[in-house]
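Quick notes on the structure that follows.
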Amino acid sequence: MSPEPTKLISPGGASDPPFDAGDRVAAGLRGFGALGILAILIILAANGLFVPLSAIWVLVWARLSRTPWREIGYVRPRSWIGTLTIGIALGIAFKFLMKAIVMPLLGADPINHAFHYLAGNRPALPAALYAMIVGAGFGEETVFRGWMFERFGKLFGPGAWAKTLIVLLTSALFGLAHYSLQGLSGVEQAMLTGLVFGTIFAVTGRIFMLMVAHAAFDLTALAIIYWDLETKVAHLVFK
């Protein structure tokens, strides 16, 4: 007769649960060894291939790594209506604040030349709506707030100073991601947006309201551009 397989016995006398291949893969994806770094590179590289491929890979990573959804901000809102209302109001108000006051103070051109082709351009609206709702609202928030906060949180810890550093780092990365298309003014606006949204996420740990706010912010910008109101809005306060 063949001997029975040896069981691992903990110091308390109980058998340890088996550590299967899935556990090893999950632990590797959550860590910062070769597998964890490879996952990070794949997610970052996907950002320029298809909107919002990076965010989709983040969800795949969370599933395979067995990372709780709450750790990337996917927490069910107490009220979906309240979340939508606050998000829409925040996004619209914040966009007008940036366009009419903050960006003029920074010396930005009233016209966003990267997107000015959308002025009166009805055929371009479907693609723009997709990019701003799915790409920015869902995609960028999942990557730059949800996933990056989780990754940096594992490195720096949960303390107040760590969260402050994470807000600053993610805001800088979010700003730099906008440089190639929108130049310096795009970086400035994105960094400030990242600071506001990042601070809210650091405090609440919830991402769905920020997705709505981000989409509302970009859709407000689209409306201003489409109806050729950029100069008027930029001069509402500073003539």
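Of all the criteria given as (1) free of Cβ contacts under 8 Å to residues at least 24 places away in the same chain; (2) under 22 Å from Leu195 (Cβ atoms); (3) assigned to a helix (DSSP H, G or I), the one not satisfied by Ala46 is (2).
Among residues belonging to the stretch 178-196 that are among the β-branched types (Val, Ile, Thr) and open to solvent by less than 50 Å² (accessible area, probe 1.4 Å), point out the one that is nearest to His116 (Cα to Cα). I'd like the intermediate steps shown before the answer.
From the stretch 178-196, those among the β-branched types (Val, Ile, Thr) are 187, 193, 196; that's our starting set.
Add one more test, that the residue is open to solvent by less than 50 Å² (accessible area, probe 1.4 Å), and what stays is 187, 193.
Values: Val187: 17, Thr193: 21 Å.
Among those residues, the one meeting the criterion is Val187.
Within this structure, Gly33 fails the test of being surrounded by fewer than 13 Cβ atoms within 10 Å (Cβ to Cβ), closer than 18 Å to Phe138 by Cα and free of Cβ contacts under 8 Å to residues at least 12 places away in the same chain. The set of residues in the stretch 197-214 that are open to solvent by less than 50 Å² (accessible area, probe 1.4 Å) and in a helix (DSSP H, G or I) comprises Phe197, Gly198, Ile200, Phe201, Ala202, Phe208, Met209, Leu210, Met211, Val212, Ala213, His214.
For Lys232, indicate whether it is among the charged types (D, E, K, R), open to solvent by 10 Å² or more (accessible area, probe 1.4 Å) and modelled with pLDDT of 95 or more. Write out each step before concluding.
Details: among the charged types (D, E, K, R): yes; open to solvent by 10 Å² or more (accessible area, probe 1.4 Å): yes; modelled with pLDDT of 95 or more: yes.
When the stated conditions are applied, Lys232 passes them.
One residue stands out among those in the stretch 74-85 that are out of contact with any helix residue (DSSP H, G or I) (no Cβ under 6 Å at 6 or more places or on another chain) and outside any loop (DSSP other than H, G, I, E, B): the one that is nearest to Ala215 (Cα to Cα), which is Thr85. In this structure, Tyr117 qualifies as more than 26 Å from Ile40 (Cβ to Cβ), of a type outside the set (A, V, I, L, M, F, W, C) and over 20 Å from the mean Cα position of the chain (by Cα). The criterion of at least 1 residues that are open to solvent by 50 Å² or more (accessible area, probe 1.4 Å) and within 17 Å of Ile200 (Cα to Cα) is met, among helices (runs of 4 or more DSSP H) falling completely within the stretch 99-177, by 160-176.
The values are calculated or read from the model by the stated rules, or taken from the named source; none is laboratory data. Quick caveat: nothing in here was measured; it's all calculated off a predicted structure. Cβ coordinates were reconstructed from backbone atoms using ideal geometry, including for glycine residues, and neighbour counts include every protein chain displayed. What goes into the accessible areas is simple: the full protein's heavy atoms, side chains included, and nothing from ligands, DNA or RNA. Shrake-Rupley method; radii C 1.70, N 1.55, O 1.52, S 1.80 Å.
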